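To start, the structure under review is shown below, and the notes come after it.
The values are calculated or read from the model by the stated rules, or taken from the named source; none is laboratory data. Bear in mind that the values here come from a model prediction, so they are computed numbers and not experimental data. Cβ placement follows ideal geometry from the backbone for every residue including glycine, while neighbour counts extend to all protein chains displayed. Areas reflect the complete protein model, heavy atoms only, side chains present, ligands, DNA and RNA absent. Shrake-Rupley method; radii C 1.70, N 1.55, O 1.52, S 1.80 Å.
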Amino acid sequence: MNLEVNHLSVDLSHKGIVKDVSLKVEEGRFVGLIGPNGSGKSTLLKAIYKVLSPREGVILLNGEDLVRTRPRLIARSMAVVGQFNELDFDFTVREMVMMGRTPHKTLLEQDTTQDFEITTLALAQVDLAAYADRSYQSLSGGEKQRVVLARAIAQEPKLLVLDEPTNHLDIKYQLQVLSIVKKLRIGVLAALHDLSLAAEYCDYLYVLHQGTLVAEGEPEAVLTGDLIEAVYDVGCKTYTNPVTGKRDVSFFPRP
Ligand code: ADP
Ligand code: MG
């Protein structure tokens, strides 16, 4: 399953927020979207998961135009973990994860033993097996984040869209969540704010700056001191991380 975004522009309040962005996520690739706060990452992802309508451009999922595809059909292939995971109503953790099964069922179909097993497995993958009967509302931000990831896993998608999935998590779970996602071996498009994690996990990166793509390529090629200094407005040195063997970065304030 691949995703192709062609010349996408999104306006909010008549202002161009995403400007002529084209990108691709090929089958099984972990693709990162980086860029400072306000560069348009969430807006771009929202257009991809159809919360916002683009002004221009086309989004193709396996060659099918997303605008013309029924949401239920999209949900069979694409799962989303957004940035905010608050709910107005309370559900148990298992009920939340069970919602991931909905696109695969008919309207009145009961949950099957197979659905139950899939949700149990998904919860175990995010280390929350013991939380199945807890109230979702009672969880910490990080636990909610992992439940929402479990729901996405239970959806058995072929493409996963993630908006800063490690935002509320402490270091252990940042690494855990990205490792789980990587092991799914499906296409991933993830907005990430941590450049070290982006370098460690992504096969390919797109860099967004003021709504425009300013660079793309493998992390080694993209994460240069000059680019990061220009885009993030900080001082930056890059080096090879002795533990991961990957490109890494350290920052300092600009004089
Ligand atoms: P990122 O996810 O990269 O931090 P966002 O996509 O959330 O960036 O936001 C991009 C820009 O769009 C920001 O400058 C934000 O202030 C602006 N923005 C968000 N919502 C609206 C809106 N409803 N009207 C006008 N501008 C908006
Ligand atoms: Mg955002």
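Pick from segment 77-91 the residues that are free of Cβ contacts under 8 Å to residues at least 60 places away in the same chain and not hydrophobic (A, V, I, L, M, F, W, C): which of them is nearest to ligand 2 (Cβ to nearest atom)? Among them, the one singled out is GLU86. Regarding ALA122, is this residue hydrophobic (A, V, I, L, M, F, W, C), modelled with pLDDT of 95 or more and within 16 Å of ligand 2 (Cβ to nearest atom)? So ALA122 does not fit the description; no. Total residues in segment 16-59 satisfying the condition of being of a type in the set (S, T, N, Q), within 10 Å of ligand 1 (Cβ to nearest atom) and either at positive phi or not in a loop (DSSP other than H, G, I, E, B) (or both): the figure is 2.
Could you look through segment 184-236, keep only residues that are aromatic (Phe, Trp, Tyr) and closer than 19 Å to LEU8 by Cβ, and pick out the one that is nearest to ligand 1 (Cβ to nearest atom)? For segment 184-236, the residue satisfying everything is TYR206.
Scanning segment 169-204 for residues being among the aliphatic types (A, V, I, L, M) and within 16 Å of ligand 2 (Cβ to nearest atom) gives a total of 8. Among helices (runs of 4 or more DSSP H) entirely within segment 139-255, having at least 3 residues that are open to solvent by less than 50 Å² (accessible area, probe 1.4 Å) and of a type outside the set (Lys, Arg) singles out 141-154, 171-183, 195-201, 225-232. Filtering segment 71-91 to residues that are surrounded by 15 or more Cβ atoms within 10 Å (Cβ to Cβ) and not in a helix (DSSP H, G or I) leaves MET78, ALA79, VAL80, VAL81, GLY82, GLN83, ASN85, PHE91.
Can you find a residue in segment 52-59 that is of a type in the set (A, V, I, L, M), open to solvent by less than 30 Å² (accessible area, probe 1.4 Å), away from ligand 2 (no atom under 16 Å from the Cβ) and touching a Ser or Thr at 6+ places or on another chain (Cβ under 9 Å)? Checking segment 52-59: not a single residue is of a type in the set (A, V, I, L, M), open to solvent by less than 30 Å² (accessible area, probe 1.4 Å), away from ligand 2 (no atom under 16 Å from the Cβ) and touching a Ser or Thr at 6+ places or on another chain (Cβ under 9 Å). Among the criteria (1) without any contact (Cβ under 8 Å) to a residue 60 or more places away in the chain; (2) open to solvent by 80 Å² or more (accessible area, probe 1.4 Å), the one THR102 does not fulfil is (2). Does at least one position in segment 97-114 carry a residue that is in contact with a strand residue (DSSP E or B) (Cβ under 7 Å, 6 or more places away or on another chain) and in a loop (DSSP other than H, G, I, E, B)? The answer is no; no qualifying residue exists. Of the listed requirements (1) more than 26 Å from PRO71 (Cα to Cα); (2) within 16 Å of ligand 2 (Cβ to nearest atom), ASP163 misses just one: (1).
Please tell me if GLY40 is over 16 Å from ASN2 (Cα atoms) and either touching a residue at least 24 places away in the same chain (Cβ under 8 Å) or away from ligand 2 (no atom under 13 Å from the Cβ) (or both). In short, yes.
Of the listed requirements (1) away from ligand 1 (no atom under 13 Å from the Cβ); (2) on the phi > 0 side of the Ramachandran plot, ASN6 misses just one: (2).
Note on segment 17-36: residues that are under 19 Å from MET78 (Cβ atoms) and either touching a Leu at 6+ places or on another chain (Cβ under 8 Å) or of a type in the set (Ser, Thr, Tyr) (or both) amount to 9.
So which of ILE48, ILE118, ILE74 is without any contact (Cβ under 8 Å) to a residue 40 or more places away in the chain and under 30 Å from ALA215 (Cα atoms)? The conditions single out ILE74. Filtering segment 121-135 to residues that are in contact (Cβ under 8 Å) with a residue 40 or more places away in the chain and under 21 Å from HIS104 (Cβ atoms) leaves GLN125, VAL126, ALA132.
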